[in-house]
1. Give just the number: which of (1) of a type in the set (Ser, Thr, Tyr); (2) surrounded by 18 or more Cβ atoms within 10 Å (Cβ to Cβ); (3) within 60 Å of the chain's Cα centre (by Cα) does residue 114 not satisfy?
2. Only one of 251, 236, 227 is under 26 Å from residue 181 (Cβ atoms) and of a type in the set (A, V, I, L, M, F, W, C); which?
3. Among the numbered conditions (1) part of a helix (DSSP H, G or I); (2) open to solvent by less than 90 Å² (accessible area, probe 1.4 Å); (3) modelled with pLDDT of 80 or more, tell me where residue 327 comes up short.
4. Could you check how many residues of region 311-369 are in contact with a His (Cβ under 8 Å, 6 or more places away or on another chain) and either at positive phi or of a type in the set (S, T, N, Q) (or both)?
5. Restricting region 130-174 to residues that are among the β-branched types (Val, Ile, Thr) and part of a strand (DSSP E or B), which is farthest from residue 35 (Cα to Cα)?
6. Answer yes or no: is there a residue in region 182-202 that is of a type in the set (Gly, Ala, Ser), under 31 Å from the mean Cα position of the chain (by Cα) and open to solvent by 80 Å² or more (accessible area, probe 1.4 Å).
7. Out of 206, 239, report the one residue that is surrounded by 13 or more Cβ atoms within 10 Å (Cβ to Cβ), in contact (Cβ under 8 Å) with a residue 40 or more places away in the chain and not charged (D, E, K, R).
8. Mind counting the residues in region 284-324 that are open to solvent by 100 Å² or more (accessible area, probe 1.4 Å), of a type in the set (S, T, N, Q) and either in contact with a Cys (Cβ under 6 Å, 6 or more places away or on another chain) or assigned to a loop (DSSP other than H, G, I, E, B) (or both)?
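The values are calculated or read from the model by the stated rules, or taken from the named source; none is laboratory data. None of these values were measured; they are calculated from a predicted model. Note: ideal-geometry Cβ built from the backbone for every residue, glycine included; neighbour counts use all protein chains shown. Side chains are part of the model used for accessible areas, which takes the heavy atoms of the whole protein and leaves out ligands, DNA and RNA. Shrake-Rupley method; radii C 1.70, N 1.55, O 1.52, S 1.80 Å.
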Amino acid sequence: MSLRLKIYLFFAMLLIITLIMTTGILITNARQSVHTKVESAMTAAAHLLSVAMPPTPSRNSPTAHQRMGDLVKVMSEIRGLYIMVYRNGQLLYAGGPNTDNLTRPPDLFIKMLSPTIKPLVTRFAGGMLVIHAEPILEITERWQDIRALVTFGAALSVFILLILYVGINRLLRPLEYISTALAGFGKGNLNVRLPDFSIKEMNNISDAFNSMGEALQGSIEENQRMATLVKQSSDAIVSLDHTGKITFFNAAAKQMFPELASGLNGKSFLHLKLGGYEERIINIIEEKQSIDNMEITLNKEDQCTSSMLLSISPLANMEDKSIGFICTVRDVTEHKQAELAKHQLRESRLLTQHIANVQENERRNLARELHDELGQCLTAIKTDAVLIRNRNNNSDPKISHSAQVIIDVASHIYDVVHHMLARLRPTSLDDLGLVLTLQDTIETWQERQPDIKFHLQLSGNLNNLDEEINMTIFRIIQESITNAVRHAGCSQITVSVAHVHNERKLYLDIYDNGKGMQIKDFYSDVDFGILGMQERTQNLNGEFKLVSKPGDGVKIKIKIPLEAEHIL
């Protein structure tokens, strides 16, 4: 049964009971009123008739009898009386109310209102006066009054019920919205919201309900996100109760600890193989402590060891009472291996850089030796051969010819040594600086490769860089141009060097319009020339980028940060 129907029935029963009680009170009052009126009328009529009766039989005459009959008739018209006069046992006169046109009330109502009054009997000389109660007129009037009042009360009750119907519907309509919203909440639909109501109290409930819905929706979404994170986390997450028994674990924990697959829910966390750290973990749980990133080493079934980081954090309720623990185990074996590989790579790069520096020093020393020793010897040989040729030019043509051959060979060896010096270490880099060295290098390549158009673009101050930067730039340009000339089949090579002072960076761009290459070929075929350029760049903490595709040439983009020690 709905609340609306219960309220309707309650008020309907209340109105019915009120109407019944009111009717009962009206009937009781009417009965008392009829009794009082009839009794008073009977007493008054008895006195009047007693006075009018002849005191002695001698006074009985037709005239007296006529007057008595008229008096009885008049007195009988008094409401509620029925009068009878007897003389010598014979009924002389009788009279009562006229009920010919009277609408008779129900018998039950007449019975309820009829007074229990004994007839009044008055004896006189030779006769007897009997007055009965006949309250039918009074009862009829009371019936009409009570019926009108009951009808009005019933109509008023129906009107009140209609008003209550409208009012209760209006008052309970917000409850229907609230009931529907709560049913939606019960089904998991947290998007349900209540509208604004005209009733202040209901509107307060609506605001509170909507706020609760938003809070619940946010909380559930947050819980779902957390649950997803826990499920998808690569860290092993194990939930414990306050005694250290396992209550939950994620898939990563099951993978990290295969014994969880056999079902360890409800069992102690120490059933896991924790590599001899059980005693310390027991102390942490018993003392309700927390620990972060405790490094432990676990032995796997394949005889391998894994490095783990164990963290234990206590969980507390709203009363700050411990209710359990959250344990996370992170496998850092690969991380440590990566750190070791990174350290080895750093050492390899330092070694490579040291080897490159040693190589440059050896090249410098070798170039100096070739220039100072072999160059002077070739100059002396060429000078002596010129003197021999000049002295024997006319006297001995054979000696003169041999001397000329020596001169030609010495000149060729000198050219070869000069070219070797330029490849080993250009002396102009130390004597003239980077700018003139690059210009001379480009001019030399232009002379050697007239079919290729070379462009050199320089910007910024490039003559205040230290030897390491100068040599790196020169070697990269030298290697790039050599590769382009040998393999690219290009008709144009552009070299751009820019020193951006406000950024404290050096930009080096080299590109050609040749046939290009697949980048994957560079990594699979291991082009040591490009690897060397990349290694030189990374030794200076720079960025190396190779951009190319078939038919679109090759672009090498290098960015090198300039520290204070790199600028003179």
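1. Unmet for residue 114, out of (1) of a type in the set (Ser, Thr, Tyr); (2) surrounded by 18 or more Cβ atoms within 10 Å (Cβ to Cβ); (3) within 60 Å of the chain's Cα centre (by Cα): (3).
2. Working: 251 fails: under 26 Å from residue 181 (Cβ atoms); 236 fails: under 26 Å from residue 181 (Cβ atoms).
The unique qualifying residue is 227.
3. Status for residue 327: all satisfied but (1).
4. Number satisfying all stated conditions: 2.
5. It comes out as 130.
6. First pass over region 182-202, keeping only residues of a type in the set (Gly, Ala, Ser): 183-184, 186, 188, 198.
Retained after the next criterion (residues that are under 31 Å from the mean Cα position of the chain (by Cα)): 183-184, 186, 188.
With the extra rule that they be open to solvent by 80 Å² or more (accessible area, probe 1.4 Å), the set shrinks to none.
No, region 182-202 has no match at all.
7. Details: 206 fails: in contact (Cβ under 8 Å) with a residue 40 or more places away in the chain.
239 is the lone residue from the list that is surrounded by 13 or more Cβ atoms within 10 Å (Cβ to Cβ), in contact (Cβ under 8 Å) with a residue 40 or more places away in the chain and not charged (D, E, K, R).
8. 1
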